[in-house]
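Worksheet for the structure shown next.
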Amino acid sequence: MISFVWAEDENRVIGKDDTLPWKLPDDMKRFKEVTTGNPIIMGRKTFESFPNGPLPNRENIVITRNKNFSYPGVTVVNAISDIQMDTQKNYCVIGGAQIFELFKDLVDRLYVTKIHHEFSGDVLMIDLPWENFKLVSSEEGKVDEKNLWPHTFEVYDRK
């Protein structure tokens, strides 16, 4: 299975200056729950935004056009076809926009955190064929002193 895992604001913003434009621990907790134990697929810039290198307890797969890029503990590929996919695993595509675009026609499940606020940003989530997906769950996130913006966790499956 291939899943997309991302958070976006009211205007589909997903990034700013190679980082997230918000701090939302509730979303980070959900991201960890969804991706732990699963391979995660990302672009080089997304990987380089991680302050501590590869995310633990996940196979980190980086897709890059840079043939010289390597990092200990990371599987580096130059194309989707280079990924040896195991049909028993849930591959979580986590960004950025160019990587989501590569997998748009292959994705089976969408895990989206919709943040009910507007942020400034320089990367938008790609257009998805929403008519091909059905909402299977929706849960309101908690708003408190650490999670300042209302947000909803949604899961969609391909019809």
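Just so it is clear, none of the values below were taken in a lab; they were calculated from the coordinates. Just so it is clear, the model here is predicted, and its values are computed rather than measured. Glycine also receives a Cβ, built like all others from the backbone with ideal geometry; neighbour counts cover every protein chain displayed.
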Residue satisfying all of: in the range 1-19; touching a Ser or Thr at 6+ places or on another chain (Cβ under 9 Å) and part of a loop (DSSP other than H, G, I, E, B); surrounded by the most Cβ atoms within 10 Å (Cβ to Cβ) among these = 1
Selection from the range 58-81 of residues out of contact with any strand residue (DSSP E or B) (no Cβ under 8 Å at 6 or more places or on another chain) and under 18 Å from residue 104 (Cα atoms) yields 81
Checked against (1) touching a residue at least 60 places away in the same chain (Cβ under 8 Å); (2) within 16 Å of the chain's Cα centre (by Cα), residue 45 satisfies every condition except (1)
Flagged pairs (Cβ under 9 angstrom, 6 or more apart or on separate chains; first in the range 67-82, surrounded by fewer than 11 Cβ atoms within 10 Å (Cβ to Cβ); second polar (S, T, N, Q) and not in a loop (DSSP other than H, G, I, E, B)) are 73/60
Residue identified as among the hydrophobic types (A, V, I, L, M, F, W, C), within 17 Å of the chain's Cα centre (by Cα), over 25 Å from residue 156 (Cα atoms) and part of a loop (DSSP other than H, G, I, E, B) among 69, 50 | 50
List the number of the failed condition for residue 75; all other conditions in (1) assigned to a helix (DSSP H, G or I); (2) closer than 20 Å to residue 57 by Cβ hold.
-> (1)
Could you list, in sequence order, all residues of the range 109-126 that are touching a Pro at 6+ places or on another chain (Cβ under 8 Å) and in a strand (DSSP E or B)?
-> 115
For the subset of the range 94-140 comprising residues that are among the hydroxyl-bearing types (Ser, Thr, Tyr) and over 14 Å from the mean Cα position of the chain (by Cα), which member is farthest from residue 40 (Cα to Cα)?
-> 120
Please determine, by comparing only the residues of the range 96-108 that are out of contact with any strand residue (DSSP E or B) (no Cβ under 6 Å at 6 or more places or on another chain) and outside any helix (DSSP H, G or I), which one is surrounded by the fewest Cβ atoms within 10 Å (Cβ to Cβ).
-> 105
Hey, does the range 112-126 have a residue that's in contact with a Ser or Thr (Cβ under 7 Å, 6 or more places away or on another chain), surrounded by 11 or more Cβ atoms within 10 Å (Cβ to Cβ), among the aromatic types (Phe, Trp, Tyr) and touching a residue at least 60 places away in the same chain (Cβ under 8 Å)?
-> no
Can you tell me which residue in the range 83-93 is surrounded by the fewest Cβ atoms within 10 Å (Cβ to Cβ), limited to those that are closer than 16 Å to residue 46 by Cβ and of a type outside the set (Val, Ile, Thr)?
-> 91
Which one of the conditions (1) out of contact with any helix residue (DSSP H, G or I) (no Cβ under 7 Å at 6 or more places or on another chain); (2) among the hydrophobic types (A, V, I, L, M, F, W, C); (3) farther than 15 Å from residue 27 by Cβ does residue 123 fail to meet, given that it meets all the rest?
-> (1)
